[in-house]
Amino acid sequence: MQTLADRPFSIVVADDHVLFRDGLCELLNVDDLVVTGAVGSAYELFTLIRRNPPDLVLLDVEIPGEDVIATVEKLAADFPKVRILILSMYDDPRVVWRLLSLGVHGYLLKTVSRVDLLSAVRAVRDDDARIILSISRESLSTMPTRPSGRLSAREQEIIVLVSQAMSNAQIARRLAITEGTVKRHLRNIYRKLGAVSRIDAVNKAGGT
């Protein structure tokens, strides 16, 4: 069975603006990335990925069909291994936070540069517990900074080990769980603390 290290990282682009969508496809078809589909509605998206689930969906926040919240909820429920990056012209902090709480891996403005977009996609590929944000300083300043929920006992164990600079693999061995379980716990920790990185999570956990 091939791993991500053995093959290009597969992407489906979901955006109803044809010129923009075509530009994304051209930009993302590079040596280590491959666009396996491009669609213009939520209905087309689910029809496509039921046949051939990608590693990542690059999703326009205003995709026609169901609203983006319902679309992300359905993606997360039906295709839990598919990672999701949101693209948007707007960065309403309430929408950003709601989508992060549903498990998206990042939220990028459509003004993001080519270099930053490729970096974001590769960051999500390399660490699916990581959250990528490319939004305005104003919106970032109004994002929640207090925990949205208490960390569970297991999450507290993990954040302590993260603070000791242990890798996901080391944490998994220490706690006798899988590396995938560690990543899921980390993403829950990020959401609860409003954190966007391991260092940010450690700092915020220490201040609660």
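FYI, it's all coordinate maths here, none of it is from the lab. None of the values given here were measured: they were computed from a predicted structure. Here the Cβ positions follow ideal geometry from the backbone for every residue, glycine too, while neighbour counts run over all protein chains shown.
Here the chain is described by how far its Cα atoms reach on the three principal axes: 46, 44, 30 Å, from widest to narrowest. Relative intensity of the range 153-206 on a log10 scale, I(q)/I(0) at q = 0.26, 0.29, 0.30 Å⁻¹, equals -1.01, -1.24, -1.31, per a Debye sum over C-alpha point scatterers of equal strength in the absence of solvent. Take every DSSP beta bridge whose two residues both sit in the chain; close to 5 percent of them are antiparallel. Adding -39500 (n - 2.57) for every DSSP H run of four residues or longer, then dividing by how many residues the chain holds, sets the calculated 222 nm ellipticity at -14500 deg cm²/dmol. With Cα atoms defining each centre, the range 62-108 and the range 166-207 are spaced 21 Å apart in the structure. Based on C-alpha pairs under 8 angstrom that are at least 6 apart in sequence, the chain has a relative contact order of 15 percent. Each of residue 22 and residue 177 was given a label point 7 Å from its Cα along the Cα-to-Cβ line. The distance between the two points is 4.7 nm. In this structure the amide hydrogen of residue 107, modeled in the peptide plane, comes within under 5 Å of the amide hydrogens of 86, 132, 133, 134, none closer than 5 places in sequence on its chain. The GNM of the chain, with springs linking C-alpha atoms under 10 angstrom apart, assigns the highest mean-square fluctuation among 54, 93, 80 to 80.
Of the residues 38, 19, 124, the one whose Cα sits farthest toward the positive end of the charge dipole of the chain, with +1 on the Cβ of Lys and Arg and -1 on the Cβ of Asp and Glu, is 124.
When the chain is described by a simple charge dipole with +1 on each Lys and Arg Cβ and -1 on each Asp and Glu Cβ, the residue from 96, 65, 168 located farthest towards its positive end is 168.
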